[in-house]
């Protein structure tokens, strides 16, 4: 399917110049036709870059399929634009330059509609196959419109191939945002009715359960918009005409109920189960969770839809294994360490001895959990081993992030921001000369970042650009056996799990928590199933706060967070002069122990997310006649 899709099959021969049977006259022809549609699905996986059109000279558009040629985007993945993480050289948030996808989307819809119009005329297939293929078109249409709706709001609903001989008919106006979300859910409903319940064995093609899973995601998104619109109300013609906004309480409750219904049907179908749901210890929970993303093919019991990357090279492989590596294990790759999980992300996770609460790191006696950096005279907690700071923390933190002093690929990862010299003076400027020498308690030479050679430390030097700026490295999805060939692109072949059972469980829990609809006991069970898989033994209630904390812990770095912040209208609340936080390990050369300093990431500017960023700018509105989005 993937290989066939690379040939742009649909664009080879214009469909208005040949008969239907000439284009798809055999099962192989139909498969190639469908493969191209699947290849162009808007999946925000490893080959997606959050910034639109980052390399126009190389032909990249709208962020998708960013694995062609030399895709140098400094790893602008979506999670480094949220409060989950930042890039070692990137301190950005989404604006109008991010997440856009318009012209290419409607090109894909044109191809889809051409295929849809061919179906009734095909003589090479039986009715069962025709129904299955029609279900596939409804699924793909739902995926395209879902991706567009959460970027732009109300959309032109186009169901047929237009003709250049009738230009006025091509100018289809935008539907309201409510009508658009209803259409998205209708697409997934039709797909679920028509598609088989069976799977191809790899979860890379849609079936009934795939359609229900994406309906769960889409209906929760729509319901959240309806509930939280007033957190960031907008004005303008698009608002007046309800092309954005215009939600009612009836819309909100209907969409929450749809989320509850389809989520429960999928959960109770018995087709899916959590991967390794009963760990014997937190350490085992860490290994299980980590393995699920390192080897997705071993976790198909939980995965509902997967995008496969089975072959190295342009358009096939991806690059997460080189960008994400800490500097010490970067090998021949010149630009590792580009994903830095934040202090806020790490502190979201619970401690096992205090369930139901985010657990902040206590760095000194009388901790106020501020961000004021190092203060002389404070009674800092000191550790013989930096890992002692993280004892008792939810197992998923160590599965997703590389912690100071932890072992990755048989290498002890040195993440050290500074030293206190024998005279009591602290040295933690990230611009400092990393080769400067300091004598320690043991009479040996020590260095601010832990070594004199940048191949032997993984934080915090800004001068190198390959080090964590936050105190945490990146681990999720990383193949522990990956070896880079050097400055070579697209060598990673780990599959991307786009949607899995854990998300559906949390969708139900959130829909219940936010609406009061549904089954309270079932919602509580859904919430706690993912927590138990992480080693928790005490159940908690499905409150909005508990559900959101669990979503961030369970779905962290899976490109879910940016859409959670969008649909719940929380982006502008968090990013209002926001600076990302760091937890900086300091080696005290007077006694050889480590302490930690809470503070903001050094030498970065505060960030502001403006309400208008919730909707992307529509390109070409002046000639298309479409009403533009607010403040465009």
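Decide, for region 401-444, between rounded, prolate and oblate: order the square roots of the alpha carbon gyration tensor eigenvalues as a ≥ b ≥ c, take rounded if a/c falls under 1.5, and otherwise choose prolate if a/b is larger than b/c, else oblate. It is prolate, given that a/c is not under 1.5 and a/b is the larger ratio. Summary of packing: across the peptides 240-251, 338-349, the per-residue average of other C-beta atoms within 10 Å ranks them, highest first, as 338-349, 240-251. Each label point was placed 7 Å from the Cα along the Cα-to-Cβ direction; for residue 301 and residue 407 their separation is 2.8 nm.
Could you tell me the calculated FRET efficiency between residue 107 and residue 197, based on Cβ-Cβ distance and R0 = 41 angstrom, to the nearest 0.05? Don't skip to the answer; put the middle values down first.
Numbers: r = 32 Å, r/R0 = 0.78.
Computed FRET efficiency for residue 107 and residue 197 comes out at 0.80.
The convex hull of the Cα atoms of region 99-139, projected and averaged over all directions, covers 3.2 nm². For the chain, the spread of Cα positions along the three principal axes, ordered from largest to smallest, is 84, 51, 50 Å.
Between residue 26 and residue 604, the FRET efficiency estimated from the beta carbon spacing at R0 = 51 angstrom works out to 0.35.
Extending 7 Å from Cα along the Cβ direction at residue 624 and again at residue 235 yields two label points whose distance is 2.6 nm.
With the cut-off at 21 Å, report for region 444-516 the share of all Cα pairs above it, as a whole percent. Working shown, then result.
On the way: 1538 of 2628 pairs.
Summing the P(r) tail past 21 Å for region 444-516 gives 59 percent.
Could you work out [θ]222 nm for the chain from helices alone, using -39500 (n - 2.57) per DSSP H run of at least four and dividing by all its residues? Round to the nearest 500 deg cm²/dmol. Mind dumping the intermediate values first?
Details: 20 runs with 214 residues, N = 632.
It lands at -10000 deg cm²/dmol.
The calculated FRET efficiency for residue 291 paired with residue 483, based on their beta-carbon distance and R0 = 22 Å, is about 0.70. Sorting the segments 425-431, 96-102 by their residues' average number of neighbouring beta-carbon atoms within 10 angstrom, most packed first, yields 96-102, 425-431.
Computed on the chain, with alpha-carbon pairs under 8 angstrom and 6+ residues apart, the relative contact order is 19 percent.
Starting from the Cα of residue 429, step 7 Å toward the Cβ, then list every residue of region 582-621 with an amide N under 17 Å from that point. The answer is 602-604.
How far is helix 103-118 tilted off the main Cα axis of the chain, in degrees rounded to 10, range 0 to 90? Between the helix axis and the principal axis of the chain, the angle is about 40 degrees.
Please compute the length gained on full extension between residue 388 and residue 130, using 0.36 nm multiplied by the number of residues separating them and subtracting their Cα-Cα distance.
Values: separation 258, 0.36 × 258 = 92.88 nm, distance 6.02 nm.
Taking residue 388 through residue 130 to full extension adds about 86.9 nm, to one decimal.
So, by mean Cβ neighbours within 10 angstrom, what's the order for 406-412, 490-496, 568-574 with the highest one leading? Write down the numbers at each step before the final one.
Details: 406-412: 13.6, 490-496: 21.7, 568-574: 18.3.
So the order, starting with the most tightly packed, is 490-496, 568-574, 406-412.
Within region 507-529, name every residue whose backbone N is under 16 Å away from a label modeled 7 Å from Cα of residue 269 along the Cβ vector. The answer is 507-508. Summarising the label geometry, the points placed 7 Å from Cα in the beta-carbon direction at residue 456 and residue 360 lie 3.8 nm from one another.
Only Cα pairs under 8 Å and at least 6 apart count here; give the relative contact order of region 387-439 as a rounded whole percent. Working shown, then result.
Details: 35 pairs, mean separation 10.7, N = 53.
Normalised by residue count, the contact order of region 387-439 is 20 percent.
Helix 177-194 versus the longest principal axis of the chain: what is the Cα-based angle in degrees, 0 to 90, to the nearest 10? Relative to the chain, helix 177-194 is tipped by roughly 80 degrees.
Can you classify region 332-405 as rounded, prolate or oblate using the Cα gyration tensor, where a ≥ b ≥ c are the square roots of its eigenvalues, rounded means a/c under 1.5, and otherwise it's prolate if a/b beats b/c and oblate if not?
On the way: a/c = 1.83, a/b = 1.25, b/c = 1.46.
In terms of gyration-tensor shape, oblate.
Angle, helix 127-152 long axis vs. longest principal axis of the chain, Cα atoms, 0 to 90°, nearest 10? Helix 127-152 sits roughly 50 degrees off the main axis of the chain.
Throughout, read-outs are computed from the coordinates displayed, never taken from laboratory work. It should be emphasised that the depicted structure is a prediction, and the values quoted were computed from it without experimental measurement. Neighbour counts run over all protein chains shown; Cβ positions are idealised from the backbone, glycine included.
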